[in-house]
Amino acid sequence: MYVCGPTVYGPPHIGHGRFTLVWDIARRWYTFGGLEVTYVSNLTDVDDKIINRARDEGRSEHDVATEYEAQWFEAMDAIGVARPDEAPHATHYVSQMIDLISQLLDSGVAYRTSDGVYFEVSRVPDYGLLAGQPLDSLRAGARVEALEEKRSPLDFALWKNAKPNEPRWEAPFGDGRPGWHTECVAMSLQLLGDGFDLHTGGLDLKFPHHENERAQAVALGHTFSRYWAHNGMVMVGDQKMAKSLGNFTTMAELLVDTDPRAYRLLVLRSHYRSPLEVTPSTIADAERALARLDGLARRFALPRLAGPKLERASAFTWAGAGDELYRAVAASLDDDLDTPTAVAKIFDAVTAAHAAADRGDLDGATGLAGAVNALCGALGLSLFGDADDVDETSAGLVAARDEARARKDWAAADRLRDELVSLGWTVEDGADGTLIRR
Ligand SMILES: [Zn+2]
């Protein structure tokens, strides 16, 4: 699978977090079921936005791209997105792009203008397939541009002629740099081969980026990707969250006081194609749901799974109610990755496992709890059942609170609870006194 990756010119925001989580979940699920998945996701390290930032900050494009690539992987690691098998950089594929553009010029579907090389979209008979609109209606909606040499406003730049103080490469059709839509064609065909299975990205890439990628490949006689899938956007009110709109929360900001697993669960609870509202209340909801899963892991002493590791179903034992759960969850996930339904079934099983244990059916309860853990692991969600390391100060506050409660000094107990919360603990009242967890 080929996942259109980021342009590395700023810190990743929670919209990026969502799209990487969605495709990480897909990859994990395919792997769990026994497929061998090759996951390729590119890094765009030459682009107007990078050039502008480098100029504004008086440093090189390479410097900008390197800094934000490091931030990208730091954020992805923090939310448990497994590293791609291949993470190609656009600047390492310029010679392949030049070859591709030369072939498009030779076959007459590309043409030269005074500022570069353009692709003539009307030369691809089914242009508009991904957009779901015929060429005429796309053309009617297109912005009319100043450059009169373009044969249609929909035609797009394959190559931009060199400008002073911009990165440039030598090419037979003039020195310059590639347009954005060619890199993924060159990289996916080289790394995955023609007719690869799945090409994905955010819904905002469907048109024109993916349409234009496909047009180039099809014009050269390739099948290209056999399936396409696009994830919905993270919404702020009725606007999508985007770096270019300046309305974003960075991943680093989110993770200051949100468990990264809660964000994954929030993503899992909405269908990948739907818009996702990320608000303090939807995050708090996800955190409460996560606490229920962790509670199950504590009661049944379940081992921690997932993290960077991709799990396989064959590593687990499936029997009885656990096997039924697996089949039910698989039926949902194999139907266009219906994670909300799958997660709802997992939560029903959490309730059922507790109920079975309460009535003394320990075998049944343990089997079901193990299946819940394995299926959460399949989706990249680690459950934390083991006790946290409690430092001396926190342990002292817990003891003091239990004493305060024993002498019915509720004001003191509340104050001590607040102190524990301010240290990052979640505080619960258990039968044997105060329970704290991270
Ligand atoms: Zn792409």
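Every read-out reported here was derived from the displayed coordinates using simple, explicitly stated rules and does not represent laboratory data. This is a predicted model, so every value here is computed, not measured. Methodologically, a virtual Cβ is constructed for each residue, glycine included, from the backbone with ideal geometry; neighbour enumeration extends over all protein chains shown.
For the chain, the longest principal axis of the alpha carbon atoms and the long axis of helix 14-32 meet at an angle near 80°. Label positions at R407 and N52, each projected 7 Å from the Cα along the C-beta direction, are separated by 6.4 nm.
Extending 7 Å from the Cα toward the beta-carbon at both D197 and D323 defines two label points whose distance is 2.6 nm. Expressed in units of 2.2 N^0.38 Å, where N is the residue count, the Cα radius of gyration of the range 1-158 is 1.25.
Centroid-to-centroid, using Cα positions, the range 249-301 and the range 158-221 are 35 Å apart.
Here the Kirkwood formula puts the hydrodynamic radius of the chain at 24.4 Å, using every distinct Cα pair.
Take V64, V37 and order them by how many other Cβ atoms sit within 10 Å, fewest up front. Please list the in-between numbers first.
Details: V64 23, V37 16.
Arranged by neighbour count, lowest to highest, V64, V37 become V37, V64.
Projected onto their three principal axes, the Cα atoms of the range 344-430 cover extents of 41, 31, 22 Å, largest first. The distance between label points at A399 and K163 comes to 6.8 nm (points 7 Å beyond Cα on the Cα→Cβ vector). Take the Cβ-Cβ distance between E428 and Y227 as r, set R0 to 45 Å, and report the resulting FRET efficiency rounded to the nearest 0.05. Plugging the Cβ-Cβ distance into 1/(1 + (r/R0)^6) gives 0.50. Compared with the direct C-alpha span, the chain from K309 to R112 gains 66.1 nm at full extension, assuming 0.36 nm per residue.
Report the local net charge at S107: Lys and Arg +1, Asp and Glu -1, summed over other residues whose C-beta lies under 12 Å from its C-beta. Its environment carries a net charge of -1. By its C-alpha gyration tensor, with a ≥ b ≥ c as the square roots of the eigenvalues, how is the range 47-121 shaped: rounded for a/c under 1.5, else prolate for a/b larger than b/c, else oblate? Oblate, because a/c is 1.5 or more while a/b does not exceed b/c. Using the Cα centre of the chain as the reference point, and only Cβ charges (+1 on K/R, -1 on D/E), how large is the resulting charge dipole? Debye, rounded to the nearest 20. That gives a dipole near 500 debye. When you filter the chymotrypsin sites (Phe, Trp or Tyr not before Pro) in the range 196-265 for DSSP loop state and at most 10 other Cβ atoms inside 10 Å of their Cβ, nothing is left.
Taken over the alpha carbons of the range 202-311 as equal point scatterers, the Debye sum produces base-10 log I(q)/I(0) values at 0.15, 0.20 Å⁻¹ of -0.85, -1.13. Highest mean packing first, where packing is the average number of other Cβ atoms within 10 Å per residue, the peptides 161-173, 339-351 line up as 339-351, 161-173. Which of R226, R298, R177 ends up with the largest GNM mean-square fluctuation for the chain, with Cα atoms connected below 10 Å? Highest fluctuation of the listed residues: R226. Normalised by the number of residues in the chain, the average gap of Cα pairs under 8 Å and 6 or more apart makes the relative contact order 16 percent.
Given R₀ = 25 Å, FRET efficiency for E277-V256 by Cβ-Cβ distance, to 0.05?
Details: r = 20 Å, r/R0 = 0.80.
My answer for the efficiency is 0.80.
Of the beta bridges DSSP finds with both residues in the chain, what % are antiparallel, to the nearest 5? Can you show the working numbers first?
Numbers: 20 of 34 bridges.
The antiparallel proportion sits near 60 percent.
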